[in-house]
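The values are calculated or read from the model by the stated rules, or taken from the named source; none is laboratory data. Small disclaimer: the values here were computed from a predicted structure and weren't measured. Using ideal geometry, Cβ is built from the backbone for each residue, glycine included, and neighbour counts are taken over all protein chains shown. Just the protein is used for accessible areas: all its heavy atoms, side chains included, with ligands, DNA and RNA removed. Shrake-Rupley method; radii C 1.70, N 1.55, O 1.52, S 1.80 Å.
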Amino acid sequence: MSVKSDKWIRQMAQEYGMIEPFEPYQTRRLNNLSVISYGTSSYGYDVRCSDEFKIFTNINSAIVDPKNFDASGFVDVRSEVCIIPPNSFALARTVEYFRIPRNVLTICLGKSTYARCGIIVNVTPLEPEWEGHVTLEFSNTSPLPAKIYAYEGVAQVIFFESNEPCEISYQDRDGKYQGQTGVTLPKA
């Protein structure tokens, strides 16, 4: 298994639609404004957060249960910024839609700009033949409100290519998050 380079990422995105929309190079400025970088980097792809957020709130005294998730614990927000309360979290999704090849596995890590502010970005691995918008979880570990910027970089996806395809892919297993669009809540 090997980590894939910027050249490989550009080729797979352009020839096979692995990432859509796709930025072939890292973008740090947009309309003459500084942004948190996104697009292809040396050995990965920096994803952007869309403007769709689900912010956790406890106004309904919901219990967080991954087997029986109560959506009333979230407030839906559509905005170019998301303010996450102290010691709370929010869900969002990537702007990019992914189609992972059968012989590829990805790992996604939060960008250091957010990590240095106490904001942790969590994403599970994107498995072989999974496709969809990636649901992002932002944890605000600080005692202060935290701001997330839509349409700017939030995490980096690193691609690992195997020298042989897997025996059973996410698509073969009919994975429950296959083809997800929008911010997707936990499914039992």
inquiry  = With a 1.4 Å probe and all protein chains left in place, how much accessible area per residue does the stretch 72-166 have, in Å²?
reply    = 45
For the chain: lysine pairs under 30 Å (alpha-carbon distance), excluding those fewer than 8 apart on one chain = 17
request  = Please report the relative contact order for the stretch 112-188, taking Cα pairs under 8 Å with a sequence separation of at least 6, and give it as a percent rounded to a whole number.
outcome  = 39
query = GNM on the chain, C-alpha springs below 10 Å: top fluctuator among Y38, Y16, Y170?
reply = Y16
inquiry  = Calculate the FRET efficiency for F160 and T113 from the Cβ-Cβ distance with a Förster distance of 22 Å, rounded to the nearest 0.05.
reply    = 0.35
remark   = Placing each pseudo-label 7 Å from Cα in the direction of the beta carbon, Y25 and R78 end up separated by a distance in nanometres of 3.4
message = Give me the percent of accessible area attributable to carbon and sulfur for the chain, probe 1.4 angstrom.
response = 51
Residue of V104, V64, V77 that the Gaussian network model of the chain assigns the largest fluctuation, springs spanning Cα pairs under 10 Å = V64
ask   = So if R0 is 25 Å, what FRET efficiency would Q178 and S2 give, r being the distance between their Cβ atoms, rounded to the nearest 0.05?
value = 0.45
ask   = Relative to the first principal axis of the alpha-carbon coordinates of the chain, what is the inclination of helix 6-16, with its axis defined by its Cα atoms, in degrees from 0 to 90 and to the nearest 10?
value = 90
task = For n ≥ 4 DSSP H runs only, could you compute -39500 (n - 2.57) per run for the chain, divide by its residues and tell me the 222 nm figure to the nearest 500?
result = -2000 deg cm²/dmol
Accessible surface, per residue, of the stretch 9-53 when the full set of protein chains is kept, probe 1.4 Å, Å² = 52
task = Compute from the Cα atoms of the chain the Rg and the Dmax, the latter being the longest Cα-Cα distance, and quote both in angstrom.
result = 16.7, 50
query = So how far apart, in nm, are the two label points at Q11 and A71 if each is 7 Å from Cα heading toward Cβ?
reply = 4.2
task = Mind checking the full-extension length gain between Q171 and N58? Use 0.36 nm per residue of separation minus the Cα-Cα distance, one decimal, nm.
result = 37.1 nm
